[in-house]
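Notes for the one structure printed next.
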Amino acid sequence: MRVANHIAEWLRYSRYSHLLGIAQLMWLVLLIAHYMACFWHVVTTESNANANANGALSQKQSVLEQYVADYYYAVSLIQGQGGSFGTWGENLYSSVAIIVGSVILAIVFGNVAMLVSNFNANTTNYHRKMEALRERVNEYYTHVWLEYEALDGNINKFQQELTHTLRIEIGLYKFMNLVVKIPFWEDCTPDFLTQIVLSLGVRVYMPDDYVVRRREIGSEMMMINLGYCKLSKPMKHNEDKPSRGPTFRVYLNPGTAFGEMSLLMNYKRQANVRPVTFVEMCVLDRCTFQRIISRYPEDRRRVLTRMLQSCIEKKEIPRCNALIVA
């Protein structure tokens, strides 16, 4: 008895239990077909006996041949492929057997589908891993293809393949209007502005990405070329517990720049900036900016003065531990 229990537990919890379940269903179908063949043999025997009593000729067959023929017809009845016979008993039995066979097939196919899905459950769960992340990746590449016709995510590939002169002209055409709208660059020389435009990096952000995180140390200035962003930060009296108090929110339109103090010092970000739509962002990093202003002393004094004035007007006074690198 214990051996039988151990065998039953092994069959139930084995890694091949799903295959054993399918084998059990197949055995059940074969057994049902066997009983249907037996009943069919009884019905046809009575019909043949009545026919012989009426003077009809009977064809002698072996037991095996009769069983195979009856079993074949029983399987056909289960599949709904019964024929029409002369006696009412055979027709009645065929009708009932076809209905019962349809129900049996529905049950068997449903159980087999469930067993197969359970057998592939680990593979299915593996393919479902990071489904949300894969959807965002597909969404990103779809946007990049529709907007820039880029297959590898490099949206500036076309511009990089051009000559130096054409690259300058296209860069000025795309970003010069964006750069000249920045207040502390309005009166700079054309050469300085040209170098700024040619040094801009372009990034694409998806909705709900973090462009800037509050309290992180920034080293880049951002300019929105296309799309809209949302800036959010806690009120002053809730800065220590931002999740429990009201939050200040404002939407940033194309042409808005932020993070300019990061070009001068290790400056903590004061707010979170997240895209509302797909955003094309122009980025200027600190090292590139320092290299450019070192070549244009007059523009350097003008730009630094206006950037500090803008910081004072926005009440973003750097703390004493901020390291000025300009």
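The values are calculated or read from the model by the stated rules, or taken from the named source; none is laboratory data. All of these numbers come straight from a predicted model, not from anything done at the bench. Neighbour counts run over all protein chains shown; Cβ positions are idealised from the backbone, glycine included.
Keeping to segment 178-194, report how many residues are under 40 Å from the mean Cα position of the chain (by Cα) and crowded, with 17+ Cβ neighbours inside 10 Å. Going through segment 178-194 one residue at a time, the tally reaches 3.
Within the bounds of segment 231-240, is there any residue that is within 24 Å of residue 291 (Cα to Cα), assigned by TED's automatic domain parsing to the domain that holds residue 308 and not small (Gly, Ala, Ser)? Scanning segment 231-240 turns up no residue that is within 24 Å of residue 291 (Cα to Cα), assigned by TED's automatic domain parsing to the domain that holds residue 308 and not small (Gly, Ala, Ser). Has segment 253-275 got at least one residue that is of a type in the set (Lys, Arg), part of a helix (DSSP H, G or I), at pLDDT 90 or above and buried (at least 17 other Cβ atoms within 10 Å of the Cβ)? Within segment 253-275, not a single residue is of a type in the set (Lys, Arg), part of a helix (DSSP H, G or I), at pLDDT 90 or above and buried (at least 17 other Cβ atoms within 10 Å of the Cβ).
On the stretch given as segment 250-279, residues that are within 11 Å of residue 219 (Cβ to Cβ) and either outside the structural domain of residue 225 (by TED's automatic domain parsing) or of a type in the set (Ser, Thr, Tyr) (or both) total 2. Taken over segment 156-184, the criterion of being free of Cβ contacts under 8 Å to residues at least 60 places away in the same chain and assigned to a loop (DSSP other than H, G, I, E, B) is satisfied by 156, 161, 162, 163.
Sort out which residues of segment 293-304 are surrounded by fewer than 19 Cβ atoms within 10 Å (Cβ to Cβ) and touching a residue at least 12 places away in the same chain (Cβ under 8 Å), and write them in order of number. Passing the criteria: 295, 296, 298, 304.
Beta carbons closer than 6 Å, at least 6 apart along the sequence or on distinct chains, pair a first residue in segment 272-285 that is touching a residue at least 24 places away in the same chain (Cβ under 8 Å) with a second that is in a strand (DSSP E or B) and among the polar types (S, T, N, Q) for 272/232; 280/225; 282/225. Among the residues making up segment 141-184, those that are in contact with a Gly (Cβ under 8 Å, 6 or more places away or on another chain) and either at pLDDT 80 or above or under 20 Å from residue 227 (Cα atoms) (or both) are 141, 144, 178, 181.
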